[in-house]
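Before anything else, here's the structure in question.
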Amino acid sequence: MQSSNAAPAPNSPPSFSCDVLVIGGGPAGSTLGTLLARRGHDVHVLEKEHHPRFHIGESLLPANARLFDELGVRAEVEKMGMAKWGVEFVSPDHAGQGFVEFAEAMDKSQPYAWQVRRSDLDHLLFRTAGEAGARTLEGHRAREVHFDADGALVQVERDDGSRATWRCRYLVDASGRDTLLANKLKTKQKHPDHNSSALFGHFTGARRLEGKLEGNITIFWFDHGWFWFIPLADGTTSIGAVVWPYYLKSRNKPLPEFFHDTIAACPALAERLRDATLVDNKVYATGNYSYVGTHCVGDRYAMLGDAYAFVDPVFSSGVYLAMSSAFAALPLVEATLQQGPAAVARQRAEFDRFTRQGPREFSWFIYRVTNPAMRGFFMHPANPLRVKEAVLSVLAGDVHGRTPYRLPLNLFKGMYYAVSLAHPVRTWKSWRRRRQNIRELDTAIS
């Protein structure tokens, strides 16, 4: 990377130095901090806020379980979380409900995941990094970056307004949707196929499924997009609407009132919230949030998780993609610190392939999740030639292992295209509506 793309180098000597500086103390940054510290590296993890802090994205995937095992935190996740055995789908165009369970995937060893409060999970992972030997600092926001032949110089602003400079041999951007490096290098692009906005809040008193199904996530489709319904262990339920930008742009009243009106537009969800109360009357909103970077790795830097790409959260992939990218970055960072150019080049190529694969696999489904043919599959799932098992393997996050899902997944995609072609008018109307819905609008959410 050329230094002209970043800030000028500071004139004063750096205040601190380390092997690896990780910007961001969320799941990606904390995970890599733990892994590097356990391998004996001098790693500093800087978090701009203070844990525990609010973060959306409470639904995890079964593939997270193995990563929690390797970090040694699974028992604590079990205590804080609610077991999530599968997904319920509710469509206004179909009678009843559709259900799938992760135990029906090709790999039967990952039958469930968890719903968690991200403030608790992120705090646990950040604390684990500190206990492993990483230097973890809160209230530290990275402001400027300069690269040179020796690594990077990073100017950091503390909570009290004071500044300090870190010298590191390798820089990891795990800043999430702040996308520190992608913004500075101008590599961040709006995702061409996903142009959504979201509003969300927490409720008490929501009517849940019963028994083993209580912790399942529910996806409700409605005219303007879809809702998530995520039960949490403390009795609250996270409710969010992922909508087309034009719909959020139409808001002409306070956000809590607009959110209630949006819920009313989905009668099946409104019924489950009939006796529920919005916690603190607080609603959050965000607009046009899907993006992808042109690249995720360069000379002495890497971008993890949301710092590289963020896609529609319909299949709860965020935490898994963040943590798995941290595991994938470990050999890359070590090769850069300890090995020669040939080894580094191989690890860069492998990290790039790995990091792109996850968002690409999920995006195929995300782009089509509102299509009638895809809705039909989720409402009435069948398993000819193991296609259901393959789809559930992807949705469980099993996209980086050895599970042989590729052939049946391709067969499923062929079936999807065949069904779409068999209903040309319906397919064309759905495509036209989507193109109209994702048109560019400046979404006002303040």
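Step through the table entries Lys190/Lys388; Lys212/Lys388; Lys108/Lys413; Lys188/Lys282, compare each Cα-Cα distance with 27 Å, and write down the pairs that go over it.
Cα-Cα > 27 Å for Lys190/Lys388; Lys188/Lys282; rest within.
Select from the range 264-295 those trypsin sites (Lys or Arg not before Pro) which occupy a DSSP coil region and have at most 14 other Cβ atoms within 10 Å, ordered by residue number. Could you put the intermediate results ahead of the total?
Numbers: sites: Arg272, Arg274, Lys282; in loops: Arg274, Lys282.
Within the range 264-295, the qualifying trypsin sites (Lys or Arg not before Pro) (loop, at most 14 other Cβ atoms within 10 Å) are Arg274, Lys282.
Would you mind classifying the range 1-160 by shape? Square roots of the alpha carbon gyration tensor eigenvalues, ordered a ≥ b ≥ c; an a/c under 1.5 is rounded, otherwise it is prolate if a/b is larger than b/c and oblate if not. Each step should come with its number before you reach the end.
Values: a/c = 2.54, a/b = 2.09, b/c = 1.21.
Here the range 1-160 falls in the prolate category.
Same structure, new question: Find the relative contact order for the chain and round it to a whole percent, using C-alpha pairs within less than 8 Å whose residues are 6+ positions apart. Please list the in-between numbers first.
Working: 901 pairs, mean separation 92.4, N = 446.
Across the chain, relative contact order equals 21 percent.
Along the Cα-to-C-beta direction of Arg274, a point sits 7 Å from the Cα; which residues of the range 213-228 have their amide N less than 17 Å from that point?
No residue qualifies, since no backbone N sits under 17 Å from the label point.
On to the next question. In the Gaussian network model of the chain, springs joining C-alpha atoms below 10 Å, which of Ala270, Ala113, Ala329 carries the largest mean-square fluctuation?
Ala270
How large is ³J(HN,Hα), in whole Hz, for each residue of the range 297-303 in order, when computed from phi with the Karplus curve 6.51 cos²θ - 1.76 cosθ + 1.60 and θ = phi - 60°, using x for Gly and Pro?
Going residue by residue, I get 8, x, 5, 6, 8, 8, 10 Hz, with x marking Gly and Pro.
For the range 328-340, what does the Karplus curve 6.51 cos²θ - 1.76 cosθ + 1.60, with θ = phi - 60°, yield as ³J(HN,Hα) per residue in whole Hz, taken in order and with x for Gly and Pro?
In residue order, the calculated couplings are 5, 6, 4, x, 5, 5, 5, 4, 5, 6, 10, 10, x Hz.
Once each part is reduced to its C-alpha centroid, what is the distance from the range 312-383 to the range 101-177 in angstrom?
Distance between centres, Cα-based: 18 Å.
How much net charge surrounds Asp42 when only the other residues with a Cβ under 14 Å from the Cβ of Asp42 are counted, with Lys and Arg +1 and Asp and Glu -1?
Working: positive: Arg38, Arg39, Arg135, Arg167, Arg169; negative: Asp19, Glu334.
Around Asp42, the surrounding residues sum to +3.
Can you classify the range 20-81 as rounded, prolate or oblate using the Cα gyration tensor, where a ≥ b ≥ c are the square roots of its eigenvalues, rounded means a/c under 1.5, and otherwise it's prolate if a/b beats b/c and oblate if not?
On the way: a/c = 2.26, a/b = 1.26, b/c = 1.80.
In terms of gyration-tensor shape, oblate.
Under 23 Å between alpha carbons, and skipping anything fewer than 8 positions from Lys186 in its own chain: which lysines qualify?
Within reach: Lys48.
What are the ³J(HN,Hα) couplings of the range 357-374, residue after residue, when phi is run through the Karplus curve with 6.51, -1.76, 1.60 and θ = phi - 60°? Round to Hz, x for glycine and proline.
Taking θ as phi minus 60°, the curve returns 5, x, x, 5, 5, 5, 4, 4, 6, 4, 4, 10, 5, 8, 6, x, 5, 6 Hz for the range 357-374.
Using a cut-off of 16 Å between alpha-carbon atoms, which aspartates and glutamates can reach Lys249, once sequence neighbours fewer than 8 places away in the same chain are excluded?
Leaving aside aspartates and glutamates fewer than 8 places away in the same chain, those within reach of Lys249 are Asp223, Glu257, Asp261, Glu440, Asp442.
Something else: Can you give the convex hull volume per residue for the Cα atoms of the chain, as a whole number of Å³? Kindly include the intermediate steps, with their values, before the conclusion.
Values: hull volume 67.1 nm³, N = 446.
With only Cα atoms used, the chain gives 151 Å³ per residue.
In terms of the Cα gyration tensor, with a ≥ b ≥ c the square roots of its eigenvalues, is the range 49-103 rounded because a/c is under 1.5, prolate because a/b exceeds b/c, or oblate? Working shown, then result.
Numbers: a/c = 3.38, a/b = 1.74, b/c = 1.94.
It comes out oblate by the Cα gyration axes.
Determine, for each peptide in 159-168, 49-58, 303-312, the mean count of other beta carbons within 10 angstrom over its residues, then list the peptides with the highest first. Intermediate results must be reported in sequence, preceding the final value.
Numbers: 159-168: 14.5, 49-58: 17.6, 303-312: 28.1.
Taking the mean over residues of other Cβ atoms within 10 Å, the ranking is 303-312, 49-58, 159-168.
Once both axes come from the Cα atoms, what is the angle between helix 118-132 and the longest principal axis of the chain, in degrees from 0 to 90, rounded to 10?
30
Read the figures in this text as sums done on the coordinates, not as results from a lab. Note that the structure is a prediction, hence the values are computed from the model and not measured. Positions of Cβ are generated from backbone atoms using ideal geometry, with glycine treated the same way; all protein chains shown enter the neighbour counts.
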